[in-house]
Amino acid sequence: MAKSIYIAITQHRTGKSLVTLGLLNYFLRKSPRVGYFRPLASGNKTEGLKDGHINLVKEHFGLSLDPQEMYGVYKSEADYLMTHGQYNRVLET
């Protein structure tokens, strides 16, 4: 069995969140060791994490994960770095 699953889309509003919730529900019944990670999260360094997906998953499933460990980088930070040609810094973050 796979150790990890990455869910990606090619279009917006395709039901990815619903599929993610269903898969988390299924895997939590099979194993207590389930995580959740978003490469890009809503929010910024000044205001902090404002990501509804992370909050929903953490609260609904009662995950004990630290929200700061559930994402890679803020979308706004990634946008800034990419518009300034710093693609490698986005990948390193």
> Translational D (Stokes-Einstein, µm²/s) of the chain at 4 °C and 1.567 mPa s when Rh comes from the Kirkwood sum over C-alpha pairs?
Replying inline: 88 µm²/s
>> Which chymotrypsin sites (Phe, Trp or Tyr not before Pro) in region 1-42 sit in a loop by DSSP (not H, G, I, E or B) and have at most 15 other Cβ atoms within 10 Å of their own Cβ?
In response: Tyr6, Phe37
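Using a 1.4 angstrom probe on the protein heavy atoms only, line up Leu18, Leu24, Leu40 by accessible area, largest first. Provide the component values of the computation, followed by the final result.
Details: Leu18 135, Leu24 15, Leu40 75 Å².
The residues order as Leu18, Leu40, Leu24, largest area first.
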>> Run through the chain and list the GluC sites (Glu not before Pro) located in a DSSP loop whose Cβ has at most 11 other Cβ atoms within 10 Å.
In response: Glu47
> Near the amide H of Arg38, under 5 Å away, which other amide H atoms are found, from residues 5 or more places off or on another chain, if H is placed in the peptide plane?
Replying inline: Tyr71, Gly72
> Which whole-number percent gives the relative contact order of the chain, counting Cα pairs below 8 Å spaced six or more residues apart?
Replying inline: 23 percent
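The values are calculated or read from the model by the stated rules, or taken from the named source; none is laboratory data. Owing to the predicted nature of the structure, the values given are computational and were not obtained by experimental measurement. Backbone-built Cβ (ideal geometry, glycine too); neighbour counts: all protein chains shown. The area values use the complete protein model at the heavy-atom level, side chains included, leaving out ligands, DNA and RNA. Shrake-Rupley method; radii C 1.70, N 1.55, O 1.52, S 1.80 Å.
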